[in-house]
1. Could you check segment 517-553 and list, in sequence order, the residues that are among the charged types (D, E, K, R) and within 32 Å of the chain's Cα centre (by Cα)?
2. Looking for whichever is assigned to a helix (DSSP H, G or I), at pLDDT below 90 and surrounded by fewer than 19 Cβ atoms within 10 Å (Cβ to Cβ) here; the options are Lys307, Lys302. Which one fits?
3. Hey, could you check segment 167-182 for residues that are touching a residue at least 60 places away in the same chain (Cβ under 8 Å), within 30 Å of Gly289 (Cβ to Cβ) and under 20 Å from the mean Cα position of the chain (by Cα) and say which is most open to solvent (accessible area, probe 1.4 Å)?
4. Can you tell me which residues in segment 124-153 are open to solvent by less than 40 Å² (accessible area, probe 1.4 Å), assigned to a loop (DSSP other than H, G, I, E, B) and either within 16 Å of Lys299 (Cα to Cα) or at pLDDT below 90 (or both)?
5. State all residues of segment 449-461 that are within 14 Å of Tyr547 (Cα to Cα) and touching a His at 6+ places or on another chain (Cβ under 8 Å); if no residue qualifies, say none.
6. Please go through segment 271-299 and pick out each residue that is within 27 Å of Glu161 (Cβ to Cβ), open to solvent by 30 Å² or more (accessible area, probe 1.4 Å) and of a type outside the set (A, V, I, L, M).
7. Looking at this structure, is Ser239 under 16 Å from Leu312 (Cβ atoms), open to solvent by 50 Å² or more (accessible area, probe 1.4 Å) and at pLDDT below 90?
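The values are calculated or read from the model by the stated rules, or taken from the named source; none is laboratory data. Since the structure is predicted, the reported quantities are computational estimates derived from the model, not experimental observations. Glycine also receives a Cβ, built like all others from the backbone with ideal geometry; neighbour counts cover every protein chain displayed. Heavy atoms of the whole protein, side chains included, go into the accessibility calculation; ligands, DNA and RNA do not. Shrake-Rupley method; radii C 1.70, N 1.55, O 1.52, S 1.80 Å.
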Amino acid sequence: MAAPLPDLPRSARRAAGTPAPSQESSGDLAPSPWLAQRAPLIPPAGPRPGPDRIKKKELGALEIPSIPNPFPELCCSPLSSVLSASLLPKATSRKKQVIKVYSEDDTSRALEVPSDVTARDVCQLLILKNHYIDDHSWTLFEHLPRIGLERIIEDHELVIEVQSNWGIEEENRLYFRKNYAKYEFFKHPVNYFPEHMVSLSSETSGVIGHTQILQMFLSSSTYPEIHGYLHAKEQGKKSSWKKLYFLLRRSGLYFSTKGASKEPRHLQFFCEFSSSDMYMSLAGKKMSGTPANYGFCFKPNKAGGAKDLKQLCADDEQSRTCWMTAIRLLKYGMQLYQNYMQPYQGRGSCSSLTISPMRSISENSLVAMDFSGHRSRVIENPTEALSVAVEEGLAWRRKGCLRLNTHGSPTTSQSATSSVGMCELIYSPRRDAIMFITIFIIFPAIHRTQLWFHHKISRDEAQRLILQQGLVDGVFLVRDSQSNPKTFVLSMSHGLKIKHFQIVPLEDDGKLFYTLDDGHTRFTDLIQLVEFYQLNKGVLPCKLKHYCARIAL
């Protein structure tokens, strides 16, 4: 009787004539079909080796001593790679590219960024590099000068992908500046959705507020329909504009071929938003012959010519803002709300849509205080604040005269009085007003160094600057008047409109003052005037909140 075979590997058992386990008795996978179709192998001619020779040969091969492995950590299963994933070179999917970003004064900065960088990432990088204050209003813009268009690049959009749609010969630019109205409709939706332009579907019953309208834009299956008249430029004709009745629905933008009819047989499709971007027209009358200065258009992502644009024009700014805001909400949906909520993460529960806006820096730093008692208090009455400012100005005037005589700047008391006399009515709500007054004495026209002052710009240029930085209540700038060289103009935004107020100079007893209300409230300098109206509404429609500035990168 032959001795039993030792526990050999499967290959050795097959070579010794041991039958392989059948498919039913093992858990191995079924053989490939091509194996079953192969012809059986014909054994070579000649005598076959006996079982004893095969047994000795296999046993001799097994008796070879194994050499210990000096690197056991490199051992792995036959099914895995010899090198681990950490040892392999990483795929270079995040290729870096150089982008160029401009500011409003045409200064630029080159940045090397990865391919997956977003617009918010670029803004945060520029804020850190330039040491700006992050008030969540910095925005990246796409500017197309050849066709006079501009749009907000949403915070989640990839900057490299935006640049990839530009033509080689196009001189397009990325601009970095503030836009206070980017998410203002989440804070004050009543200003962006007038009742005469919004209607609800037949499935909705009852009165719906503006906050509910926003929620319907973001998540509900029912839709708030935006409707109204717009001027549309007909394709193929140079300057032919036609006034049509438009309707905005979830499926796209439609216009009626028969008056204001909303019947499906009278509606014709105009544009959808998934493969196109919406732009604001900067020079519509000059470049496209728009009926008004409130134009906007849709441009396909992969096309750059003016012939591919679908141009529209509204009759007023409120109508254009409503259309553009609703289209942004329909196109981006909840992503837009997440972009708005991202800066507030970690500040507590912010679940509702009505979040109070952050106070501006000027409001936080300019507060009228009374330090006469044992405890300081905030002066909320404007009349009391102004009287306290007058008294404080007179006290600092006496101290200023003494200080100037001590340092020997004016040689006589008369020159000191004339130099400091302009500081008599300085409105100084801050405790450290001495430094402010000292600078004012040395530089009577210090308002020219303020960021909110724009020396010689036209009315149209002032409106363009305010429009670019957002039609939010309280956005303002001060400029020289072109009609009267001795006066100034305060331009500000309120109610989605830009208003202009003339600052008139007055001379009383040899002293120069400035006023907005025919001399009822007088100020010795523009800085005093601006700081006063940052705290008090006065004759203005609202307080001054955000100033327009031309930053340098």
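1. Those that are among the charged types (D, E, K, R) and within 32 Å of the chain's Cα centre (by Cα): Glu531, Lys537, Lys543, Lys545, Arg550.
2. Lys307
3. Arg173
4. Answer for segment 124-153, where residues must be open to solvent by less than 40 Å² (accessible area, probe 1.4 Å), assigned to a loop (DSSP other than H, G, I, E, B) and either within 16 Å of Lys299 (Cα to Cα) or at pLDDT below 90 (or both): Ile147, Gly148.
5. Listed by number, the list holds a single entry, Phe453.
6. Answer for segment 271-299, where residues must be within 27 Å of Glu161 (Cβ to Cβ), open to solvent by 30 Å² or more (accessible area, probe 1.4 Å) and of a type outside the set (A, V, I, L, M): Glu272, Ser274, Ser275.
7. Criteria met by Ser239.
Every residue, every condition in (1) of a type in the set (S, T, N, Q); (2) not in a helix (DSSP H, G or I), yes or no:
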| site | (1), (2) |
| --- | --- |
| Phe476 | no, yes |
| Asn484 | yes, yes |
| Leu490 | no, yes |
| Ser493 | yes, yes |
| Leu506 | no, yes |
| Phe513 | no, yes |
| Asp518 | no, yes |
| Ile527 | no, no |
